[in-house]
Amino acid sequence: MNAFKFNGKGSEFFGIWIVNVLLSIITLGIYSAWAKVRTNKYFYGNTELAGETFDYHATPGKILIGRLIAMVCVFIWAFSAAISPEFQAALLVAFVLVMPALMFMNTRFDARMTSYRHIRFNFEGSIWGFYLLVLGFPLAAFAVFIGIGALAGLVIGESMGLLVLVPIYAVGGIFGFSWWRFKLDNFLANGYRYGTLKFKAEPSYKAYLATFSLASLIAIGAIAVPFIFVIVIGFSSMLASLGDLDESMMILLGAFGVFGAFAAYILMFVIGQLINAFINVRIRNHLFSQTILDHESQPRLKSTMTVSGYLGLVITNFLLLIVSFGIARAHVKVRTAIFLADHTEVEGDLSAVIAYGESEYQDSAICDEMAAAFDLEVGL
């Protein structure tokens, strides 16, 4: 068993982080490209597996060029509505059409800029696979849902059709989204390479369906609690509006309403994080357990994360950022890296793995930065 280990420290990275922030501000963002490289090199270089560390190879110059082009694109999009609605609509269509290509190039760039034992990773999945999964399936699903709605309206009428369609859409949505996420993860995992060696993954659709079905049930059950809060608050407000209560009771009901609204908001936040943790942990643990490196020794990934552990990490990170007004960001990034490393392993004899590959790739960082600017990063 080969356990990952992260050797970085929050106090150590804080020095790097604060310098990156200050220099980026002083240089009006120009230094941010160097900041990204310094940050990635720190985290990659402190991530250890079987006595060896990883490395990051992107250069600040390429990242800066990509970042400047991405900023220009974001600027054009931000002011497109002021130019004309037609121009903004045309930009939106163009963005949707190039989005899968950006995601593909971002995934490949991130893989190629990463190395272990001086061997680069790579991503050789097809760009058309991204188009099929990111555009093709969602458009087909949308067409099917519209078709079902139209058919139900014609056969049983619009009013009754709505009652029938809600459960159909809910169940169909769970099945459809589970299948889409299953196909996307399967596509990504099987597209990665370590030098000349391929990663092979055989995840189970049943595991994805069970995860999203259980998550939906948890959401339905959990949302009932803040819903009751809302009803109680509404009832209290109704009583207060009647004016038959004394002043002290009116104040008490008002305070209860404020407290109830705040508590409901906090509860909804925790519920959202719980569902997110439940899905991420179960999917990660399953996908890793079904992923091997195609070598005779067949090293296998393993994730040992728990829902409670991951949820605790996310909530405490959030509280640290709130209490510190963002100053604890460096510490949050380090403790997250430590947590992920502590719950990731590779089963098998890594000393027997011999791989060959490119020592250098000349990829452009333009698409990588544009994908980051529009939050399109999807790599595993």
Residues in segment 87-103 that are open to solvent by less than 40 Å² (accessible area, probe 1.4 Å) and touching a residue at least 40 places away in the same chain (Cβ under 8 Å): how many?
4
Please work out which residue is farthest from residue 351 (Cα to Cα), limiting yourself to segment 30-56 and to residues that are in contact with a helix residue (DSSP H, G or I) (Cβ under 8 Å, 6 or more places away or on another chain) and in a loop (DSSP other than H, G, I, E, B).
30
Neighbours by Cβ (under 6 Å, 6+ apart or cross-chain): first from segment 298-310, open to solvent by 30 Å² or more (accessible area, probe 1.4 Å); second among the hydroxyl-bearing types (Ser, Thr, Tyr):
301/291
Residue list for segment 111-128, filter: in contact with a helix residue (DSSP H, G or I) (Cβ under 7 Å, 6 or more places away or on another chain) and either of a type in the set (Phe, Trp, Tyr) or in a helix (DSSP H, G or I) (or both)
121, 123, 127
For segment 330-344, check the following and say yes or no: at least one residue is open to solvent by 60 Å² or more (accessible area, probe 1.4 Å), not basic (Lys, Arg) and not in a helix (DSSP H, G or I).
no
Criterion first (surrounded by fewer than 18 Cβ atoms within 10 Å (Cβ to Cβ), at pLDDT below 85 and not in a strand (DSSP E or B)) does residue 25 satisfy it?
no
What are the residues in segment 30-71 that are surrounded by fewer than 17 Cβ atoms within 10 Å (Cβ to Cβ), free of Cβ contacts under 8 Å to residues at least 12 places away in the same chain and farther than 30 Å from residue 300 by Cβ, if any?
68
Looking for something charged (D, E, K, R) and over 22 Å from the mean Cα position of the chain (by Cα) - is there at least one such residue anywhere in segment 23-45?
yes
Looking only at segment 57-97, and only at residues there that are assigned to a loop (DSSP other than H, G, I, E, B) and of a type in the set (Gly, Ala, Ser), the one that is modelled with the highest pLDDT:
58
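The values are calculated or read from the model by the stated rules, or taken from the named source; none is laboratory data. These figures come from a predicted structure and were not determined experimentally. Please note: Cβ atoms are built from the backbone with ideal geometry, for glycine as well, and neighbour counts cover all protein chains shown. Side chains are part of the model used for accessible areas, which takes the heavy atoms of the whole protein and leaves out ligands, DNA and RNA. Shrake-Rupley method; radii C 1.70, N 1.55, O 1.52, S 1.80 Å.
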